[in-house]
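Beneath this line is the structure, given in structure tokens, with notes to follow.
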Amino acid sequence: MNLCYLSAGEVSRLIRKREVSPVEVVKAHLARVEALEPPLNSFITLLPEQAMEEARVAEHEIESGQYRGPLHGIPIGLKDLFYVKGVRNTSGSKIFDHFIPDYDSTLALKLREAGAILLGKLNLHQFAYGPTGENPDYGNMHNPWDTERIPGGSSGGSASATASGQCTLAMGTDTGGSIRIPSALCGLVGLKPTYGRLSRYGMTVLSWSQDHPGPMARTVEDCALVMNAVAGYDPRDSSSANKSVPDFTQSLTENIKGLRVGVPKEPFEDPVDSEVEHFVRNAIELLGKLGATIHEISWPLYHESKAIASTILMAEATAYHSQLMKRQGSRLDPKVRLRLEAGLLISAVDYLQAQRARRLFYQQSCDLFKNVDLLAGPTVPITACNIGTEEVQIGNTRMGVIPLLTQHTRPYNLNGFPAITVPCGFSRNGLPVGFQLAGKPFDEATVLRGASAYEQATEWHQRRPLTSK
Amino acid sequence: MTSPPPPNHIRFRAFVLHPTWCRALPSPFKGEGWVGEEEDEMEKIIRLDKEAFLSMAKVLGLEEEDSHLEELYTYVEKLFPNFKVAGGMDLKEIEPMLILVLPKE
């Protein structure tokens, strides 16, 4: 039994029955980290002593009958922008190499209270401002399915560590696709919950109105388990929603008979790699065979939504980082610096027009969901490209990698609706493909239900990279 | 009494009145970079003028060596039309979504 490739659900059942102990689980994962790092470069800060100590405490608690729940004793990683009291938080920049927060982010605190064991802080695109997982300060992250290739970003370390079995699951953040893109490129399940569902308190900001924290895991069930532990109102986050929180695992076993799945035609009007399109269309077809009704629909503002989302993102990121940019611009990743400086050229009128357009897009998104329960489409239109690649060829079109990676994830950052990516195939050269399901605001349960039904009917999520190590 | 001109008209005039900031170019335009590649369907699109960019850069405190400003201009020039996409939409009676607060139950 390879503890490193069991899901959190599987490990927790073993821990609860006392067939394995948290100490064994954490030891196995630390050995895995030792075997795989630094080549994957998933971690910025590793916490082996602290993790072993927490594992011993968890073992003692469980032995004495104080079982906290399914995350008790589960080794996790946090993207290095979730504050953890006493642990440095770099946000992927050497400027913050020695910054140690004196308080916990709400999510770090909730995960600790649930008994999860923090193995370390995970590498990311600098300030979460880029979708490839390249980082000149702490080194590029690598895709465990092919280490010459990008894992995607910005939560690249979270994806590579989870996909390679260095941690059971991880937390990422998603402002333009930064959970879903690396999850798709590394063969994981990644959930961006509804804006407001999970607290942003204690996270480094990229864009106040589009930052979404969420889980990245190897199964849909694991995402649901994390949601059960961390979802809920937090008065310290101004955008936190005071909504009732369901048991997200409840819907996982429900069938999808009669579920209405809308397939907007617009994502397929953009260039999509033929292999990716093949797998995504097969996935949608399978949802139909499982009982869902499939409806081709149109989403008129879909194409415009990407420019609207990025205008808002760039203005907010520049506002947040303005002092840093002025004082330490030369120490920033040059590409991140360009993005931040470009944000200065967005006028107040541009920003407000984008926020007006956002309301229109939001209303249009709500209208779509009057007739469907889920929307389906590609997560990313390509598989992982080689590190350093600027452009790729899709059919007759040559396109920039960065806009390609974010083009189908951004719309759900703009409207704030929940969206998940699930593995749905592997290319001829062995690279994962993901497809995306999105739902109504605060209806993560249906998103998870659709994703789980698909996952249970396929075996893509059972494939593992780097199994010889 | 005549009715006020539609918002798009006002917007277009505003740009015409400030020719040093930007100038109109025929579509289609394909943007690049972080913003994403957008098929622009506006009849006219806006492009950042280099001279205007340089003076704005100075005002914004971006005085740097020429090569950096050149790189920034090349980058921003491609993105600039995307910043104007929302302004080209029909947003009559639409208020900005300044904080995304989703409806309560």
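Within region A:340-354, being in contact (Cβ under 8 Å) with a residue 12 or more places away in the chain, buried (at least 23 other Cβ atoms within 10 Å of the Cβ) and more than 16 Å from A:Tyr320 (Cβ to Cβ) holds for one residue alone: A:Ala354. Within region B:58-80, the set of residues being assigned to a helix (DSSP H, G or I) and at the interface with another protein chain (Cβ under 8 Å from one of its Cβ atoms) comprises B:Glu71, B:Leu72, B:Tyr75, B:Val76, B:Leu79, B:Phe80.
Of all residues in region A:51-66, none that is at positive phi has its Cβ atom under 7 Å from the Cβ atom of a residue that is assigned to a helix (DSSP H, G or I), 6 or more apart or on another chain. Of all the numbered requirements in (1) modelled with pLDDT of 95 or more; (2) farther than 30 Å from A:Gln407 by Cα, B:Leu54 misses one, and that requirement is (1). Just one residue in the set A:Phe248, A:Phe268 is open to solvent by 20 Å² or more (accessible area, probe 1.4 Å) and of a type in the set (Phe, Trp, Tyr); that residue is A:Phe268. Scanning region A:3-21 for residues that are assigned to a helix (DSSP H, G or I) and within 13 Å of A:Cys167 (Cα to Cα) yields A:Leu3, A:Cys4, A:Tyr5, A:Ala8, A:Val11.
Here A:His303 meets each of (1) within 20 Å of A:Ala128 (Cβ to Cβ); (2) open to solvent by 20 Å² or more (accessible area, probe 1.4 Å) with one exception, condition (1). Taking region A:440-464 as the range and being crowded, with 21+ Cβ neighbours inside 10 Å and β-branched (Val, Ile, Thr) as the test, only A:Val447 passes.
Given the criteria open to solvent by less than 10 Å² (accessible area, probe 1.4 Å), touching a strand residue (DSSP E or B) at 6+ places or on another chain (Cβ under 8 Å) and closer than 18 Å to A:Val226 by Cβ, does A:Leu71 qualify? Considered against the rule, which asks whether it is open to solvent by less than 10 Å² (accessible area, probe 1.4 Å), touching a strand residue (DSSP E or B) at 6+ places or on another chain (Cβ under 8 Å) and closer than 18 Å to A:Val226 by Cβ, A:Leu71 comes out as no. All of (1) under 23 Å from A:Ile181 (Cβ atoms); (2) within 14 Å of chain B (Cβ to nearest Cβ); (3) of a type in the set (Asp, Glu) hold for A:Glu277 with one exception: (2). All told, A:Leu313 falls short of being closer than 23 Å to B:Glu71 by Cβ, open to solvent by 10 Å² or more (accessible area, probe 1.4 Å) and not polar (S, T, N, Q).
If you check A:Ser330, A:Ser298 for being facing chain B (nearest Cβ under 10 Å) and not acidic (Asp, Glu), only one passes: A:Ser330.
Taken over region A:384-410, the criterion of being under 16 Å from the mean Cα position of the chain (by Cα) and either within 11 Å of chain B (Cβ to nearest Cβ) or within 11 Å of A:Pro271 (Cβ to Cβ) (or both) is satisfied by A:Leu405, A:Thr406, A:Gln407, A:His408, A:Thr409, A:Arg410.
Pairs are defined by a Cβ separation below 9 Å, a sequence spacing of at least 6 or placement on different chains, a first member in region A:3-16 that is within 11 Å of A:Leu71 (Cα to Cα), and a second member that is of a type in the set (Gly, Ala, Ser) and assigned to a helix (DSSP H, G or I); the pairs so defined are A:Gly9/A:Ala224; A:Ile15/A:Ala58. Evaluating A:Ile308 against the criteria (1) of a type in the set (A, V, I, L, M, F, W, C); (2) under 27 Å from A:Gln436 (Cβ atoms); (3) more than 11 Å from chain B (Cβ to nearest Cβ) leaves one unmet condition, (3).
Residue by residue, here is whether (1) more than 19 Å from A:Leu109 (Cβ to Cβ); (2) touching a helix residue (DSSP H, G or I) at 6+ places or on another chain (Cβ under 8 Å) holds:
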position: A:Cys4; (1), (2): yes, yes
position: A:Ala8; (1), (2): no, yes
position: A:Val23; (1), (2): yes, yes
position: A:Ser42; (1), (2): yes, yes
position: A:Leu71; (1), (2): no, yes
position: A:Ile76; (1), (2): no, yes
position: A:Gly86; (1), (2): no, no
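The criterion of at least 1 residues that are more than 14 Å from chain B (Cβ to nearest Cβ) and surrounded by fewer than 24 Cβ atoms within 10 Å (Cβ to Cβ) is met by the following strands (runs of 3 or more DSSP E) wholly inside region A:115-224: A:117-122.
Scanning region A:198-219 for residues that are of a type outside the set (Gly, Ala, Ser) and closer than 21 Å to A:Val84 by Cβ yields A:Leu198, A:Arg200, A:Tyr201, A:Met203, A:Thr204, A:Val205, A:Leu206, A:Asp211, A:His212, A:Pro213, A:Pro215, A:Met216. Only residues that are within 14 Å of another protein chain (Cβ to nearest Cβ) and not aromatic (Phe, Trp, Tyr) were counted across region A:233-256, and they come to 10.
The values are calculated or read from the model by the stated rules, or taken from the named source; none is laboratory data. Note that this is a predicted model, so its numbers are computed, not measured. Note that we place each Cβ from the backbone using ideal geometry, even for glycine, and neighbour counts take in every protein chain shown. Surface accessibility is based on the protein's heavy atoms, side chains included, excluding ligands, DNA and RNA. Shrake-Rupley method; radii C 1.70, N 1.55, O 1.52, S 1.80 Å.
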